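Chemist: Can you keep this structure in mind? I'll have questions shortly.
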Amino acid sequence: MSVIKFVIIGLGGMGSYHARELIKETDGVIAYGAYDINPEQLVKATDLGLKVYDTLDAVLNDSDVEAVLIATPNDSHKELAIKALEAGKHVVCEKPVMMTSEELAEVLAVAKETNKVFMVHQNRRWDKDFLIIRDLYQSREIGELFQIESRVHGANGIPGDWRHLKAQGGGMLLDWGVHLLDQLLFLVDSPIKSVAADLSFVLGDEVDDGFIAYITFENGVKSIIEVGTTNFIKLPRWYAKGLEGTAVVEDWDLSGQVVKQTGFIDHHRLVPIQAGQGLTKTMAPPSEEATTIFPLPDGQAEFTDFYRNFYEVVRENAEPVVKNTEVARVLALIETIFEAAETKQVIHY
Ligand code: NAD
């Protein structure tokens, strides 16, 4: 196995994680060096066993380096990617891949010209909570899923510095939104039909601190995608309705359940319950004979799969798991969400 040597460009939070965990744990790739415009960040490079580069040119001129990982603020991805590709390096780029679809098209054109691999780290395709929902979608265990709600809720506002700035690609739609939208489009095998959205500015930043998007698909699936950073009580990570049941994944701890209709609901035998100041049969819990509670299916994932696939793409011409056409589709959807929120219009495809 001839190993692919990576230099990490941007040794901040995520760059360090790639060096320490993701690249380190995968056969065929090694974290070889690091470069950061802030030399203070490079102090930890030595602890991580990385060669320190003082300039970007030094990285790009080093023929031992076959690939770079770009883990810098979002506005710098394009320039770094183009320089690296033109220097003959393969590129793994953090999400969101670029600030706009035009930028992405430019980078992909350079990747094509230089015949180098450009792959985006959409790592949350391997999240177990997502794989549980994907399993339910594909197996039809609770019938066809027709409503999918995917949320991440935090209460700590927007962390860090550049994530508050529009010019640097800050805001939650680009940050967390890109993950949830990537998962959704990877899951639902149908063209988008319409998009409505609302951004939130509770914190008074120039960028969104959260958003809600309503996305419908031609196959009838309706989805709600929501990111919040001022939610002191969270809603479940996933809520999915199928024609024969409902599933909830509460959190990344994978707690939750599937409730499936397994018997006949006899409307004549429904007993009303007291609800507030009234009675209801409609909202009474389903009868025990008519439903069964199941544990969530097991979402199997290896967190080394991304870099293993990258290795196979570079060395064996394998199909990338994260395809640039998919990444481009997600970026276009983000642009549509911004437009829908700004114009307060439902955008029909
Ligand atoms: P960070 O602020 O912690 O680190 C960014 C680093 O890049 C800093 O050390 C900074 O000095 C350096 N830097 C800035 N401009 C540079 C340049 N031109 N050349 C070299 N170094 C430069 O940010 P972060 O949280 O690590 O995020 C970095 C990227 O990773 C972003 O694109 C972010 O969206 C992405 N990210 C992805 C995930 C994920 O799960 N896939 C999670 C977190 C962050």
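The values are calculated or read from the model by the stated rules, or taken from the named source; none is laboratory data. What you are looking at is a predicted structure, and each value in this text was computed from that prediction instead of being measured. Cβ placement follows ideal geometry from the backbone for every residue including glycine, while neighbour counts extend to all protein chains displayed. Only protein heavy atoms, including side chains, enter the accessible area calculation; ligands, DNA and RNA are left aside. Shrake-Rupley method; radii C 1.70, N 1.55, O 1.52, S 1.80 Å.
Chemist: Could you check segment 71-90 and list, in sequence order, the residues that are near the ligand (Cβ under 9 Å from one of its atoms) and within 18 Å of Ser101 (Cα to Cα)?
Modeler: Listed by number, the residues that qualify are Pro73, Asn74, Asp75, Ser76, His77, Glu79, Leu80.
Chemist: Identify, from the list Ala213, Ala155, Ala196, the residue that is more than 16 Å from Thr229 (Cβ to Cβ) and either modelled with pLDDT of 95 or more or within 16 Å of the ligand (Cβ to nearest atom) (or both).
Modeler: Ala196
Chemist: Would you please list the contacts, defined by Cβ atoms under 9 Å and residues six or more apart or on different chains, that run from a residue in segment 225-249 that is at positive phi and of a type in the set (Val, Ile, Thr) to a residue that is assigned to a strand (DSSP E or B) and crowded, with 18+ Cβ neighbours inside 10 Å?
Modeler: Listed pairs, sorted by first residue: none to list.
Chemist: Please return the ranges of strands (runs of 3 or more DSSP E) entirely within segment 246-319 where 2 or more residues are open to solvent by 50 Å² or more (accessible area, probe 1.4 Å).
Modeler: Filter on segment 246-319 gives 256-261, 273-275, 291-294.
Chemist: Also: Which of the residues spanning segment 279-333 are of a type in the set (S, T, N, Q), touching a helix residue (DSSP H, G or I) at 6+ places or on another chain (Cβ under 7 Å) and farther than 16 Å from Val117 by Cβ?
Modeler: Correct list: Gln300 only.
Chemist: With the requirement that a residue be within 13 Å of Asn324 (Cβ to Cβ) and basic (Lys, Arg), what does segment 65-119 give you?
Modeler: Selection gives Lys95, Lys112, Lys116.
Chemist: Just give me the residues in segment 42-56 being among the charged types (D, E, K, R), away from the ligand (no atom under 12 Å from the Cβ) and at pLDDT 95 or above, in sequence order. Working first, answer last.
Modeler: Step one: filter segment 42-56 for residues among the charged types (D, E, K, R), giving 44, 47, 51, 54.
If we keep only those that are away from the ligand (no atom under 12 Å from the Cβ) too, we end up with 47, 51.
If the condition is that a residue be among the charged types (D, E, K, R), away from the ligand (no atom under 12 Å from the Cβ) and at pLDDT 95 or above, then Lys51 is the only one that fits.
Chemist: What are the residues in segment 81-116 that are of a type in the set (A, V, I, L, M, F, W, C) and surrounded by fewer than 22 Cβ atoms within 10 Å (Cβ to Cβ), if any?
Modeler: If the condition is that a residue be of a type in the set (A, V, I, L, M, F, W, C) and surrounded by fewer than 22 Cβ atoms within 10 Å (Cβ to Cβ), then Ile82, Ala87, Met99, Ala105, Leu108, Ala109, Val110, Ala111 are the ones that fit.
Chemist: Condition (residue is more than 30 Å from Gly204 (Cα to Cα) and either of a type outside the set (Ser, Thr, Tyr) or not assigned by the TED database to the domain that holds Ile337 (or both)) applied to segment 228-241: is it met by at least one residue? Let's see the steps before the verdict.
Modeler: Kept after step one, since they are more than 30 Å from Gly204 (Cα to Cα), are these residues of segment 228-241: 240-241.
Then drop every residue that is not either of a type outside the set (Ser, Thr, Tyr) or not assigned by the TED database to the domain that holds Ile337 (or both), which leaves 240-241.
Scanning segment 228-241 turns up at least one residue that is more than 30 Å from Gly204 (Cα to Cα) and either of a type outside the set (Ser, Thr, Tyr) or not assigned by the TED database to the domain that holds Ile337 (or both).
Chemist: Just name the residue that is most open to solvent (accessible area, probe 1.4 Å) out of those in segment 1-41 that are within 13 Å of the ligand (Cβ to nearest atom) and part of a loop (DSSP other than H, G, I, E, B). Quick ask: steps written out before the conclusion?
Modeler: Residues of segment 1-41 within 13 Å of the ligand (Cβ to nearest atom): 7-22, 33-41.
Right, trim to part of a loop (DSSP other than H, G, I, E, B) and you get 10-12, 36-38.
On the way: Gly10: 6, Leu11: 0, Gly12: 18, Asp36: 23, Ile37: 147, Asn38: 64 Å².
Filtering first and then ranking leaves Ile37.
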